[in-house]
Amino acid sequence: MGKRDALIAQYADDLKNKCGVTPDMDLLTKVTIGCGPAIYNADASTVAASQPSELETVKDNFLVKKLGLADGPELMEAIGKVLDTYGRSERNKYRAVVYYMLTKHFGKEAVYS
């Protein structure tokens with residue numbers, strides 16, 4: 001099992017056990033690959049939920065640029081919902097898991113097909 005496969009398994013475990021979501025493994029794999037080399041960097045692989053600038057980055061670079069959504073207050077609300085689902089007290093909120101849940105929230109799975 002390669003390093004990426006191990007990370008995908010870890011993300012799937014987080015989705016099941018911390019978020020109560022049964023992951024679509026095909027979509028999770030595509031979202032993880034879409035994160036690129038960031039998944040291998042300890043700092044870049046997680047979302048710093050307490051930093052407003054980090055949440056702006058998720059909104060601008062992922063929701064607007066990648067998923068093609070129009071900027072608006074509902075984007076930040078969705079990020080907040082996802083972080084609540086993940087658990088605000090959870091120390092490591094993996095970027096791939098957050099992106100996966102946002103993709104599902106907005107029904108944008110087709111972006112990865």
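The values are calculated or read from the model by the stated rules, or taken from the named source; none is laboratory data. This structure is a prediction, so every number in the text was calculated from the model and none was measured. For neighbour counting, all protein chains shown are included, and Cβ atoms are generated from backbone atoms with ideal geometry for every residue, glycine included. All accessible areas refer to the heavy atoms of the entire protein, side chains included, with ligands and DNA or RNA removed. Shrake-Rupley method; radii C 1.70, N 1.55, O 1.52, S 1.80 Å.
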field: Rel. contact order, % - alpha carbon contacts under 8 angstrom, at least six apart, the chain
entry: 35
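Report the full-extension gain for the segment Thr57 to Glu74: residue separation times 0.36 nm, less the Cα-Cα distance, to one decimal in nm. Before the final figure, lay out each step's value.
Working: separation 17, 0.36 × 17 = 6.12 nm, distance 1.52 nm.
Stretched out fully, the Thr57 to Glu74 stretch lengthens by 4.6 nm.
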Apportionment of accessible area to carbon and sulfur, the chain, percent (1.4 Å): 49
statement: For segment 34-48, Karplus-derived ³J(HN,Hα) couplings (6.51, -1.76, 1.60; θ = phi - 60°; whole Hz; x for glycine and proline) come out as x, 6, x, x, 4, 5, 8, 9, 3, 6, 6, 6, 10, 9, 7
- request: Report, by chain and number, residues whose modeled amide H sits under 5 Å from the one on Thr46, excluding near sequence neighbours (fewer than 5 apart, same chain).
  value: Arg95
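For n ≥ 4 DSSP H runs only, could you compute -39500 (n - 2.57) per run for the chain, divide by its residues and tell me the 222 nm figure to the nearest 500?
Values: 5 runs with 56 residues, N = 113.
Using -39500 (n - 2.57) per qualifying helix, the result is -15000 deg cm²/dmol.
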- prompt: Taking segment 8-113, which trypsin sites (Lys or Arg not before Pro) meet the DSSP loop condition and have no more than 15 other C-beta atoms within 10 Å?
  reply: Arg88, Arg91, Lys108
- prompt: Tell me, what is the FRET efficiency for Val64 and Met1 to the nearest 0.05, using R0 = 35 angstrom and their Cβ-Cβ distance as r?
  reply: 0.55
- prompt: Which percent of Cα pairs goes in each bin when the distances of segment 44-111 are cut into 5 angstrom slices starting at zero?
  reply: 4, 18, 33, 28, 14, 4, 0
